[in-house]
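Note sheet for the following structure.
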Amino acid sequence: MTITQTYRDGELVATVNHGGSENQLIGGSDYDKAYGSAPARSQLSEAVSSAIISYDNPPKATIDFETRSACSLKDCGSWRYSLDPTTQVMCLAFRMPYWEEGRTALWHPAFPHLGVEEADCPELEELFKWIADGNLVEAHNAWFERGVWTNICVPKLGWPEVGHEQWRCSAAKAAAYSLPRSLENLTAALRLRVKKDTEGAKVMKKMAKPRKPLKRDVQAWLDENADLPLPAKKCITTLYPNDDGTYDVTAEWEGGEETHRLPVFWHESAELLEILCAYCRVDVLAEEAASHRLRDLSARETQMYLMDQAINQRGFQLDQEGIEAALEVVNGIYAELNAELVALTNGEVQKATQRARMMKWFNENGLPLEDTQGDTIDSWLRRQDLEPDVRRGLELVRALGRSSTAKFVAAQNWAHPDTWRVHGGLLYHGAGTGRWSGSGVQPHNFPRGDIKDMEFAWEVIKTRDIAYMEMMYGDVMTLLSHALRGMIIPTPGRKLMVADYAAIEARVLLWLADDEEALEVFRRGDCIYMAMATEIYGRLIDDKVKYANERQMGKQAVLGLGYQMGAKKFQATLAEKWGIFIELDFAQRIVDAYRAKFWRVKKMWWDQEAAAIAAVKNPGRTFRCGKVYWRVIDGFLHCKLPSGRLLGYCDPQVHKRKTPWGAERDALTYMGVDPYTKKWRRQDTYGGMLVENITQATARDLMADAMLRCHQDGTYDVILSVHDELLAECDEGVGSVKDFEAAMAHTEDWAAGCPVTAEGWTGYRYKK
């Protein structure tokens with residue numbers, strides 16, 4: 001049973017029994033009794049905003065590590081970071097769930113050079129026993145703590161292992177509510193009394209990274225370790241940085257010189273360590289408070305989270321030889337292109353990353369460039385009236401700014417140094433809809449490309465012969481960009497098994513709208529894109545080769561207009577994304593044709609918005625709309641999906657908004673993470689956007705079910721989920737494409753009637 005207690009100004013104002021599962025969230029409850037009347041409902045927002053609401057979640061020990069390393073956490077990811085020989089634990093703060101409020105314990109190793117002994121922490125044995133008994137351990141962004149515990153504390157300190165099933169993550173729980181993942185932003189969003197120590201955070205960041213050695217550091221080290229013929233202060237010393245955070249020092253004197261590798265130097269003192277430990281204790285309290293404010297993941301979603309962690313632990317294999325060859329080629333080409341850019345701009349621009357200087361040069365040469373984004377440059381390059389120097393400048397900036405080539409560097413950084421596997425490449429609930437996103441290498445952002453034989457392309461890349469590459473594929477940088485997928489290979493002795501859902505969002509959208517006529521098109525195996533094209537052009541479109549252009553327009557309409565997009569936006573999207581240019585009146589005709597043909601989808605926009613607004617206006621009451629339910633609980637507008645999973649919208653509010661024709665209508669807003677700025681702010685929403693959320697979330701749940709089936713079956717070891725595509729490995733002679741497609745296309749009872757299909761392949765390099 002889950003109990004919610006709501007406080008205002010330190011006094012209990014409501015106790016609410018929500019039952020023990022997400023499914024029990026919908027229906028009558030004590031919530032109606034607490035906030036059922038109109039006056040009470042009017043007080044809801046105020047009550048929640050000042051509330052400390054605590055859920056009776058399963059007990060967990062809360063832990064938090066502070067570490068330091070010459071390895072960049074941002075560049076290499078937390079698993080690779082935890083394996084780096086320079087990574088050290090500076091302290092661990094923790095709290096047992098049965099301790100009195102505010103109590104924490106802290107352990108740190110000895111720092112003899114600072115005069116600091118190992119912390120006397122008898123509670124550590126209490127934590128070890130808790131773990132040995134199989135109880136739960138929670139951390140914020142627990143993948144980091146898991147790596148530190150597994151790769152440092154167990155082998156180097158002899159601590160007990162924490163079992164896979166014992167880990168929980170408060171950041172994952174926050175993400176499931178569409179709340180910020182960062183602890184600082186999360187505590188602010190939840191209006192918790194316990195907040196992250198921002199001043200302590202500054203000390204943490206200072207202590208976490210190596211510093212450049214001072215002159216006195218260098219001289220002291222040389223005098224103690226180098227055996228120079230004279231004191232170091234009488235030598236000329238020069239420092240040279242290394243990639244691992246260390247420095248080489250060359251000491252010169254009359255008649256000779258020596259070069260030595262210095263150790264890593266840190267910002268450290270007993271006083272700074274004390275501040276860091278206090279900061280770590282506060283983090284533990286803030287993490288626990290945030291965790292208690294939120295309901296734990298449902299049993300089903302806990303399975304998904306643990307599966308995600310198992311997939312991240314398994315990792316995926318990279319082609320070390322191929323990546324090293326690609327990097328060598330990229331570095332050589334970049335040097336040449338950059339030299340050309342410097343010459344073209346007469347030295348005004350030294351490198352393409354100097355965006356302000358680059359745009360100034362373009363403006364001075366008659367091109368009003370507003371930014372150097374890839375899409376902006378591509379749109380200018382499609383013009384035929386550019387001056388040759390301006391065109392070449394755009395080409396150089398585009399080539400030098402291709403983020404895809406930076407992924408080779410990310411792959412090298414994130415890969416395990418011995419195995420060349422990437423661990424932690426998936427992020428559970430990376431999008432607000434629950435979809436997985438990528439970390440580090442991020443295969444989710446790989447360009448599609450048009451390489452037919454990926455194996456041959458990589459054999460060509462491995463030659464490092466630029467002339468050969470150009471002869472076979474033209475532009476080398478384009479080749480490397482389009483070949484990115486191919487750097488993912490199976491574990492030796494195994495093969496990749498890959499399948500992609502076919503038009504999954506279009507199928508789910510029409511299923512949610514109960515458009516049986518349109519769904520029959522999918523069930524018959526007919527092409528819905530040609531059916532749409534027939535509506536647009538007013539004549540029969542029945543041959544995808546003969547009417548390829550018409551079919552493409554039908555496809556863009558089906559995939560792009562289901563979420564209330566208007567004619568102007570559709571026109572702009574076609575131009576920006578696909579290089580398709582049409583007149584506005586034709587765009588309007590397409591929009592009108594879509595809304596006439598799929599009128600149930602159009603109706604769903606208005607119905608879902610009305611149901612969500614009604615739920616906000618009537619907290620504690622449930623409003624059903626088609627296959628989903630809406631209800632406000634504890635300051636969140638919840639949408640219960642067909643799968644039973646909940647989407648959360650924080651602090652929903654209804655405002656009056658003027659329409660373009662001057663009337664007023666209700667409009668829904670909520671607090672969320674801005675997808676562009678990543679800031680926590682109030683956001684507008686509307687029917688089409690709500691339908692988009694519901695559709696994408698439902699498609700995610702279909703993917704999650706498929707991943708879990710494969711994970712539990714054991715034939716296929718899932719390694720990645722990339723949008724609507726599932727990647728797995730299996731042994732040679734085991735499994736088949738047909739079987740893997742069937743595993744993905746199978747639907748659970750909650751999705752009965754949704755015509756899901758998947759198309760797959762097997763091979764030895766990832767491709768599209």
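What follows is calculated from the coordinates using simple rules that are stated; it is not laboratory data. No experiment lies behind these values; they were computed from the predicted model shown. Glycine gets a Cβ as well: all are built from the backbone with ideal geometry, and neighbour counts include every protein chain shown.
What the table below lists for this structure:
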| item | result |
| --- | --- |
| Long pairs among Lys544/Lys568; Lys544/Lys627; Lys209/Lys407, criterion Cα-Cα beyond 30 Å | Lys544/Lys627 |
| Segment 573-636 and segment 169-231: distance between their alpha carbon centers, rounded to Å | 45 |
| Two-site label geometry, Ala299 and His746: point separation in nm, points 7 Å out along Cα→Cβ | 2.0 |
| Partners for Lys196 among aspartates and glutamates (Cα-Cα distance below 16 Å; same-chain residues under 8 apart left out) | Asp64, Glu66, Glu184, Asp283, Glu287, Glu288 |
| Segment Glu759-Arg665, length gained on full extension (0.36 nm per residue, minus Cα span) | 29.4 nm |
| Cα gyration tensor, segment 326-380 - rounded (a/c under 1.5), prolate or oblate | oblate |
| Rounded if a/c under 1.5, otherwise prolate or oblate - the chain, Cα gyration tensor axes | oblate |
| Among 689-696, 324-331, the order from most to least packed when residues are scored by Cβ within 10 Å on average | 689-696, 324-331 |
| Dipole of segment 640-757, positive direction: furthest Cα of Pro755, Pro675, Gly714, with charges on the beta-carbon | Pro675 |
| Relative contact order (percent, whole number), segment 517-597, Cα cutoff 8 Å, 6+ residue spacing | 28 |
| Most positive-pole-ward Cα, Cys121, Val137, Ala110, against dipole of segment 69-146 from beta carbon charges | Val137 |
| Paramagnetic reach from Asn365 in segment 382-418 [backbone N under 11 Å; point 7 Å along Cα→Cβ] | 387-397 |
| Inter-site label distance for Lys202 and Met472 at 7 Å from Cα along Cβ, in nm | 5.5 |
| Of Lys452/Lys577; Lys195/Lys679; Lys569/Lys603; Lys679/Lys768, those spanning more than 26 Å from alpha-carbon to alpha-carbon | Lys679/Lys768 |
| Size of electric dipole in segment 547-637: Cβ of Lys, Arg +1 and of Asp, Glu -1, about Cα centre, debye, nearest 20 | 400 |
| Theoretical gain in end-to-end length, Arg357 to Glu583 [0.36 nm per residue, Cα-Cα removed] | 77.8 nm |
| Estimated dipole of the chain in Debye, rounded to 20 [Cβ of Lys and Arg +1, of Asp and Glu -1, Cα centre] | 2600 |
| Ordering of 150-163, 493-506, 184-197 by packing [mean C-beta count within 10 Å, highest first] | 493-506, 184-197, 150-163 |
| Whole-number percent relative contact order across the chain, with pairs defined as alpha carbons under 8 Å at least 6 apart | 13 |
| Percent RCO, i.e. relative contact order, over segment 214-261, from Cα pairs under 8 Å lying at least 6 residues apart | 25 |
| Estimated 222 nm signal from helices in the chain, with DSSP H stretches of n ≥ 4 weighted -39500 (n - 2.57), rounded to 500 | -13500 deg cm²/dmol |
| Residues in segment 557-588 that a label on Asn549 would reach, taking backbone N under 13 Å of a point 7 Å out along Cα→Cβ | 580-583 |
| Farthest positive-ward along the chain dipole, Cα basis, beta-carbon charges - from Leu327, Asn151, Gln571 | Gln571 |
